[in-house]
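In what follows, a single structure is set out as structure tokens and then discussed.
The values are calculated or read from the model by the stated rules, or taken from the named source; none is laboratory data. As the structure is a prediction and not an experimental result, all values here were calculated from the model. Don't worry about glycine lacking a Cβ; one is built from the backbone with ideal geometry, like all the others, and counts go over all protein chains shown. Quick note on the areas: whole protein, heavy atoms, side chains included, nothing else; ligands and nucleic acids left out. Shrake-Rupley method; radii C 1.70, N 1.55, O 1.52, S 1.80 Å.
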Amino acid sequence: MAEQVLQEVRKPAVRAERPAPRRRSRPGRARWLAVVPFFAFLAVGFGLPAGTMAYGAFTATDPATGATRFTTENVTGALTGVYAEGLAGSVQLSLLTALLATVVGAVVAQALVASQKPALRRAVVAACGVFANFSGAPLAFAFIATLGTTGTLTRMLSLESTGFSVYTFTGLVLAYLYFMVPLMVVTVLPAFDGLRVQWREAAASCGATRGQFWRHVGIPVLTPSLLGGAVLMFGTAFASHATAAVLVGGSVQLITIQIANALNGNVLAGQENLALAMSLNMVLVALLVMAVQIPLQRRSARWLG
């Protein structure tokens, strides 16, 4: 009996069979499949036009034979002469209007936050939402009817005697500010709302004045949001075309008007590739604007989120 017990003990233990592990689906693969339509839209909506633009900017077609050759003449021409003046004019207009819109928009946003009348705030925000989307040719015609040569305010205030003309660079700045200031108010208003009351109370309990609070706390916290809004205003003004085309035409050198003239053959025929080169310059400026704006948005969200 003892020998049988020893033999049973010496037998190797039979391990219970474990079920085969199930293969888990990879979440990363499912996520990639979910964003495939988005990347397909980017490739068709942005990648294909950008590639076509870049190809046309670095190619030229012989009108006699129809042969296409690679060249840098279009890019060089887009950065010299009158076209360089147009690029500089667009940058100057965008910088000036972005600066003015940032200052005025920040003042209006702060006034709305400090206001104790919710009805006034709702009315102003609603009006800003409407005015921010009123641009293009309708805005230009409205300014012509109001401040043009025979405009209502021009005759009432005798603006002709002052030398003011809406068909100049100054008139174009006023037209751009009409929709950029409301857009700036809507953009930075959440940032002003993000300034916590506890910060002001803590500063006041430490003996800080209102000016010291804004100098050491408020403005440093709002700086990323304000800079991000200014960059957004710059990009908006830089890409606007219809308002300037109807209001000033070719009297003010802007790159958007020059691109339209080159594509339509209004000035010189066969300059489509030159227009693509100027468009490529605009795309590079837009990418630079985005590269500046994205870090500013992240820094602003860190403080005000």
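For the range 150-305, what does the accessible surface come to per residue with a 1.4 Å probe? Please give it in Å².
52
Just the number, please: Stokes-Einstein D of the range 112-152 in µm²/s, Kirkwood Rh from C-alpha pairs, 20 °C, 1.002 mPa s.
177
Placing +1 at every Lys and Arg Cβ and -1 at every Asp and Glu Cβ, with all other atoms neutral, what dipole size does the range 175-305 have around its Cα centre, in debye to the nearest 20? Each step should come with its number before you reach the end.
Values: 7 positive and 3 negative charges, 120 e Å.
Around 580 debye, computed over the range 175-305.
Please report, ordered by residue number, every helix of the chain (full DSSP H runs) that is 20 Å or longer along its axis going by C-alpha atoms and whose mean Kyte-Doolittle hydropathy reaches 0.5. Each step should come with its number before you reach the end.
Numbers: long enough: 27-42 (23 Å, 1.02); 81-114 (50 Å, 1.59); 118-132 (21 Å, 1.31); 169-193 (35 Å, 1.79); 219-239 (29 Å, 1.64); 272-304 (47 Å, 0.95).
Once both thresholds are applied, what remains is 27-42, 81-114, 118-132, 169-193, 219-239, 272-304.
Determine the share of the chain's accessible area contributed by carbon and sulfur atoms, expressed in whole percent, with a 1.4 angstrom probe. Walk me through the numbers on the way to the answer.
On the way: 12580 of 19290 Å².
Percent of accessible area from carbon and sulfur atoms in the chain: 65.
Placing unit charges on C-beta atoms (Lys and Arg positive, Asp and Glu negative, everything else neutral), compute the dipole magnitude of the chain about its Cα centre in debye, rounded to 20.
On the way: 22 positive and 10 negative charges, 386 e Å.
With Lys and Arg at +1 and Asp and Glu at -1, about 1860 debye.
Mind jotting down the three principal axis lengths of the range 145-231 based on Cα atoms? Whole angstrom, largest first.
Largest first, the range 145-231 extends 58, 24, 17 Å along its Cα principal axes.
Note down, for the range 40-183, the three equivalent ellipsoid semi-axes (square root of 5 times each alpha carbon gyration tensor eigenvalue), biggest first, whole angstrom.
Values: eigenvalues 330, 117, 42 Å².
Semi-axes from the Cα gyration tensor: 41, 24, 15 Å.
Plugging the Kirkwood radius over Cα pairs into Stokes-Einstein for the range 179-305, at a temperature of 37 °C and a viscosity of 0.692 mPa s, what D comes out in µm²/s? Walk me through the numbers on the way to the answer.
Numbers: Rh = 17.5 Å.
Answer, rounded: 188 µm²/s.
Roll a 1.4 Å probe over the protein heavy atoms and report the accessible area of VAL185 in Å², nearest 10.
In the full protein context, VAL185 sits at about 0 Å².
What would the Debye equation give as log₁₀ I(q)/I(0) for the chain at q = 0.07 Å⁻¹, counting only Cα atoms as equal point scatterers?
-0.45
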